[in-house]
Amino acid sequence: MPAQGKHRRSPSTSLRRGLVAVTAGGAVLALPVIGATSAFAAPAPAAAPQQAVAPASVSAQVNSGVQAAPAQHSVAAGETLSKIAREYSVSGGWEKLYEGNRKIVGENPDLIHPGIKLTLGTKAAKASPSTARGAEADRADRSERINAAPVAKAAPAAEKAVTYTNDLDGWIKESLAVMAEQGIPGTYEGIHRNIMRESSGNPAAINNWDSNAVKGTPSKGLLQVIDPTFQAYHVSGTSTDSYDPVANITAACNYAADRYGSIDNVFGAY
């Protein structure tokens, strides 16, 4: 049998190269037996890099779906301080956000211009869409509802101007409106009845034959009022022309109210 190659172990535990053994058939390389302490032992797999342990606060943020917020936020069109404070869970709500950015926002917290950058603070956190709103968001909502600037109320629509027809019906109705403002009593029926007796509804009617006419003060208009009476009982806001239908009716009713209590109590010459 061919002689087996011999090898020597160095003082250290590592194995030197194998020795070459000469046999009848030629030189052969004698491979040493590889042991657990052999230098040719398969290297142990590299240990996986140890994963850094996140601090409890960071881990809590990851688990809750919360990410650290940027230090600043660029305002987009349509955003409000309340919305931004909610979005980033700003401690103290929109009031705190406004307090920290008052110089750039200005005196009106409800008017923030797109493009300005708001400082959020390093501790602000932006909640992910899937994160349920907490108590802070609820408080921000309540604060927004309570402190929101009151919406300007629309000015009441101007009352439609009342127009009256230029006839006996319109003249009586317009006179009644003026009388109501002045507290002068009278009804449509009472006025109409006396007009038909005195002038038959003719605003230009004039009496040139009775005692008043003899004195130079003929009765005029729808309710046949003489000038001295018209001037004494003329109602402010109406025409100073005694022939004017509305002015004539109103002055006559004012006179009748003073003397008879109301034009409704007049059933003959007055």
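What the table shows:
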read-out: Criterion violated by Thr238 - all others in (1) in a helix (DSSP H, G or I); (2) in contact (Cβ under 8 Å) with a residue 60 or more places away in the chain; (3) open to solvent by less than 50 Å² (accessible area, probe 1.4 Å) satisfied; value: (1)
read-out: Matching residues in the range 113-137 - criterion: being out of contact with any strand residue (DSSP E or B) (no Cβ under 8 Å at 6 or more places or on another chain) and at pLDDT 85 or above; value: Pro114
read-out: Residue among Ser175, Ser219 that is among the polar types (S, T, N, Q), modelled with pLDDT of 95 or more, touching a strand residue (DSSP E or B) at 6+ places or on another chain (Cβ under 6 Å) and at negative phi; value: Ser219
read-out: Trp171 being open to solvent by 30 Å² or more (accessible area, probe 1.4 Å), part of a loop (DSSP other than H, G, I, E, B) and of a type in the set (Phe, Trp, Tyr); value: no
read-out: Considering residues of the range 97-121 that are assigned to a loop (DSSP other than H, G, I, E, B) and over 14 Å from Ile84 (Cα atoms) only, the residue most open to solvent (accessible area, probe 1.4 Å); value: Glu107
read-out: Residues of the range 174-190 classified as closer than 18 Å to Tyr243 by Cβ and either touching a Phe, Trp or Tyr at 6+ places or on another chain (Cβ under 9 Å) or not in a helix (DSSP H, G or I) (or both), total; value: 1
read-out: Test: residue in the range 185-192 that is touching a residue at least 40 places away in the same chain (Cβ under 8 Å), hydrophobic (A, V, I, L, M, F, W, C) and open to solvent by less than 50 Å² (accessible area, probe 1.4 Å); value: yes
read-out: Qualifying residue in the range 226-235 (condition: surrounded by 23 or more Cβ atoms within 10 Å (Cβ to Cβ), under 15 Å from Ala205 (Cβ atoms) and not charged (D, E, K, R)); value: yes
read-out: Looking only at the range 155-172, and only at residues there that are modelled with pLDDT under 95 and of a type outside the set (Asp, Glu), the one that is farthest from Cys253 (Cα to Cα); value: Ala155
read-out: Verdict on Trp94 being at pLDDT 85 or above and either open to solvent by less than 50 Å² (accessible area, probe 1.4 Å) or closer than 30 Å to His192 by Cβ (or both); value: no
read-out: Neighbours by Cβ (under 8 Å, 6+ apart or cross-chain): first from the range 204-222, in a strand (DSSP E or B); second of a type in the set (Asp, Glu); value: Ser219/Glu198; Ser219/Asp210; Lys220/Asp227
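The values are calculated or read from the model by the stated rules, or taken from the named source; none is laboratory data. What you are looking at is a predicted structure, and each value in this text was computed from that prediction instead of being measured. Here Cβ is always computed from backbone atoms with ideal geometry, including for glycine, and neighbour counts include all displayed protein chains. With ligands, DNA and RNA removed, areas are computed over all heavy atoms of the protein, side chains included. Shrake-Rupley method; radii C 1.70, N 1.55, O 1.52, S 1.80 Å.
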